[in-house]
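Readers should treat all values here as calculations from the given coordinates under stated rules, not as data from a laboratory. Because the structure is a prediction, the values reported are computed rather than measured. Here the Cβ positions follow ideal geometry from the backbone for every residue, glycine too, while neighbour counts run over all protein chains shown.
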Amino acid sequence: MPWALTGALAALALAVAASLLLGVQPLAPATVLDALRGVPVDAETAAVVASRVDRTVVGLVVGGAVALSGVVLQGLTRNPIAEPGILGLNSGAALAVVVGIRFLGLTTVTGHVVAALVGTVLVAALVQSLTLMAPRASAPVSMALAGAAVMALAQSLIGALLVTDRGALDSFRFWQVGSVAGRDAGQVLDVLPFLAAGAVLALTAGPTLDAVALGDDVARGLGQRTVLQRGSAAAGAVLLAASATALAGPIAFVGLVVPHVVRALVGAGHRRVLGLSLLLGPAFVVLADVTGRLVAQPSEVQAGIVCAVVGALALVLVVRRTKGLQ
Amino acid sequence: MTTADVLTRARRGPRRRSALVVTILLALVVGLGLVRTLLGDYRVSLPDAVRILGGADLPGASFVLMESTLPRAVMAVLAGAAFGAAGGAFQVMLRNPLASPDVLGITLGASAGAVVAAVPLGLRGAPVTLSALAGAVLAAALILSQAGGRGGATGRMVLVGVALAAGLSAVVHWVLVRASIYQAQDAMVWLSGSLNSVSWDEIARLLALDALLLPPLLVLARRLPVLGLGDDLAAGLGVHVTRVRVGVTVLVVALVAAATAVVGPIAFVGFLCGPIARRLVPGRPAVGVAALVGAVVVLGADHLAAYGIPGTALPVGVVTGLLGAPVLLWMLRSRPTTREGR
């Protein structure tokens, strides 16, 4: 554990440093430090540093939120591929945001968060109830398919709403790739209440998740009030996923990849997994953002796209290692 | 009465039934085709339509018929048949109603290929079809590499399909962000699956490919039920198991790519048609019937999409998506899936 913790902290520090220094215009560490300390630098450098600070902050927040959400969802469903993207939660949020923009005239980030929350909760309930009705042995497959069906439904509806509205399409297409760039760090404050509540619920869910892993009967025998505790853990996961999606758009697969990497490092105890995911999730998203900046210069590949491509490969690996699917 | 007589009689029932079903479906295709062609916002009478097809030039009516409604109806039939047959054949081959090319992500492979060719590279026509084919082949190769030992669809295959779909849609979204808003809007319409802007060139291309690919698929599909007995028994009965499987896969992938390159990934047509066809003609490899059902579904959905909500012309894929997703959810609920994902 100590070496894993040290490694994770080092990875996080490295990611933050890379995010501040690297990009279309590389900066020297001394220049960045000067700008951060308030020493006067030229206007252009100051602007670059400010925008990099913003996207780094957003990346850190989003990465932490999605990774925690993934740990809780995988633990609660005892399903190795549970993740906000695969379960269709992101699509539900996207649909709700589009409906909000088109019909309710939502413009504020807080409005988007509330819409995303409603969409995420509805989809989570739908997918979970569908999965519960399917037999246990094929739960991962049923869950993925329920998620895929919900995603297709949401995409159809989004398509119907957007093909007739060029303005909404233009803002939506930039939102749906999932990007940490171009967001004001101040917007983090708008979602902070939801994020904080979700983080508290998720981080305190460790014992519940450990008990769930033992099965329902054992958990009850150990004195867990399973329904209440699971409900609060699930609420935490949904709050985190919805506020991350409202902030940066759908960033898929982070919630899948990070928990698996962490479990490989420190084993299955959920308290450790939650803590370490809170460090490695942000590092993953920030590094994805840096990678996206570097691979397509002078243009950029959005962080959400880097995460999806890396994550799709990771999911194939996870699926190949999961027993009982053959 | 000899055994042969009994067998003949027992076979006559299903054969009659499937002849009846095919007749009714053909009548539906023609009927819906006429509705789609003649009863749009601008109505053309049947005698006028016949005269226009005979070469007469009626102001207004000629343009509407020849440039808008007729090409759409013809394309709906061609694309619907391609998606329907492809879906039906895959579901029978993999012995899983969920294993249609659209649920597995092969259609998305084709659309990613087509979008990459059409938007950043600015290609049109045949190169787009080739690029769609390349995308579909790659997707299919990756997914089928996860097939189970007995050739059935596995849960693993479905999950790899889901992973692939997510990765590919990220590619598509990236292309959309880099395009101009006008290109993005065109691409968005196409990505929803749309018959809005079909040309006679495209119809000729898809017609040629349908004519080339559908008959061999129908012939090969007759062997598919034998594969269900298991590879050894099928081989013992004289079926080249690998050859049939590879042949069906190649034809299905090519059909999906050809149709997707022209009209976009019309959601769930392939997925919906197989189960409908199997209910219409139980116990037979209903690939031909699935093709007809596909034509009927796309024709009907396109009419609904164009005139269902007054003043708004939706892409046809929106309607089929809204129809198909609940069916997929319902199948998950009602169908106990075994470990093999069946």
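Some values worked out for this structure:
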read-out: Inter-chain shielding of A:164-175 (mean C-beta neighbours from other protein chains, 10 Å cut-off); value: 3
read-out: At least 24 Å along the helix axis (C-alpha) and Kyte average at least -1.0, DSSP helices within chain B; value: B:3-38, B:70-93, B:126-144, B:155-178, B:200-221, B:241-263, B:287-307, B:316-334
read-out: Extension reserve of the B:R15-B:W200 stretch, reckoned as 0.36 nm per residue once the Cα distance is removed; value: 62.9 nm
read-out: Förster-model FRET efficiency, 45 Å R0, B:R279 and B:T312, C-beta, rounded to 0.05; value: 0.85
read-out: Taking chain B and dividing mean pair separation by its residue count, relative contact order in percent (alpha carbons under 8 Å, at least six apart); value: 30
read-out: Sparse-neighbour loop sites [trypsin sites (Lys or Arg not before Pro); region B:214-301; at most 13 other C-beta within 10 Å; DSSP]; value: B:R222
read-out: Kyte-Doolittle mean at least 1.0, axial Cα span of 20 Å or more - DSSP H helices of chain A; value: A:2-21, A:43-77, A:109-133, A:139-162, A:185-203, A:226-248, A:270-295, A:303-321
read-out: For region B:196-261: rounded, prolate or oblate by the Cα gyration tensor [a/c cutoff 1.5]; value: prolate
read-out: Max mean-square fluctuation residue, GNM over chain B, Cα-Cα springs under 10 Å, options B:M93, B:M75, B:M331; value: B:M331
read-out: In range of the label at A:A30: residues from region A:42-65 whose backbone nitrogen is under 11 Å from the point 7 Å along Cα→Cβ; value: none
read-out: Trypsin sites (Lys or Arg not before Pro) within region A:43-119, DSSP loop, no more than 16 other Cβ atoms inside 10 Å; value: A:R78
read-out: Relative contact order of chain A, pairs being alpha-carbon contacts under 8 Å that are 6 or more residues apart, as %; value: 31
read-out: Rounded if a/c under 1.5, otherwise prolate or oblate - chain A, Cα gyration tensor axes; value: oblate
read-out: Cut-off 13 Å between beta-carbons: net charge of the residues surrounding B:G60, Lys and Arg +1, Asp and Glu -1; value: -3
